[in-house]
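Presented below is the structure to which this report refers.
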């Protein structure tokens with residue numbers, strides 16, 4: 001009897017597909033100046049970019065002392081982004097950062113176009129919070145918004161002021177023509 005039960009359990013384990021659940025991984029910048037796509041700049045030692053079952057919540061720099069400056073030099077998708085006071089993230093020319101759920105910016109988010117589309121793309125339910133600034137570099141190609149309605153530089157921020165505080169919690173940037 002025990003032998004049959006054991007054999008039945010073994011067959012069940014071999015035949016039943018493994019159930020894999022998605023994992024959201026908190027990824028913290030180690031501090032200082034550097035490039036996003038260098039795994040050793042992060043804890044855990046991985047380049048945060050949603051893939052397969054894993055998603056990433058990114059923290060620059062997880063409340064460490066001293067200013068951190070991160071340069072995003074690849075096209076990436078993450079679950080959430082937090083930029084601490086005194087820290088900054090620069091999305092380089094011709095790059096796209098897609099944030100699925102939330103951006104909390106208490107530092108500086110720079111969208112640095114020099115003539116090519118440079119985008120921080122948010123989803124329909126993405127929240128933007130914090131007391132930080134978004135700097136959209138000239139050329140009219142820096143964009144922040146949903147994929148179908150990204151807000152270009154010239155309409156997001158008045159011409160006389162190239163940085164602005166993020167809107168209150170839960171509000172998206174205004175879309176004007």
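Computed FRET efficiency, Cβ-Cβ of residue 40 and residue 114, R0 30 Å: what is it to the nearest 0.05?
According to the calculation, E is roughly 0.60.
Applying a 10 Å radius around every beta-carbon, put 92-102, 61-71 in order of their mean neighbour count, most first.
For the peptides 92-102, 61-71, the packing ranking is 92-102, 61-71.
Can you tell me the order of 73-81, 42-50 when each peptide is scored by its average per-residue count of other Cβ atoms within 10 angstrom, highest first?
Highest-to-lowest ranking by the protection proxy: 73-81, 42-50.
Most exposed first by the Cβ proxy, i.e. fewest other Cβ within 10 Å, how do 25, 111 rank?
Going from sparsest to densest Cβ surroundings: 25, 111.
Give me the distance in nm between label points sitting 7 Å out from Cα along the Cα-to-Cβ direction at residue 67 and residue 24, one decimal.
3.1 nm
With labels modelled as points extended 7 Å from the Cα through the Cβ direction, what inter-label distance (nm, one decimal) is found for residue 75 paired with residue 54?
2.1 nm
Readers should treat all values here as calculations from the given coordinates under stated rules, not as data from a laboratory. In this text, all values refer to a predicted model and were calculated from it rather than measured experimentally. Cβ sites come from the backbone with ideal geometry, for glycine too, and all protein chains shown count toward neighbours.
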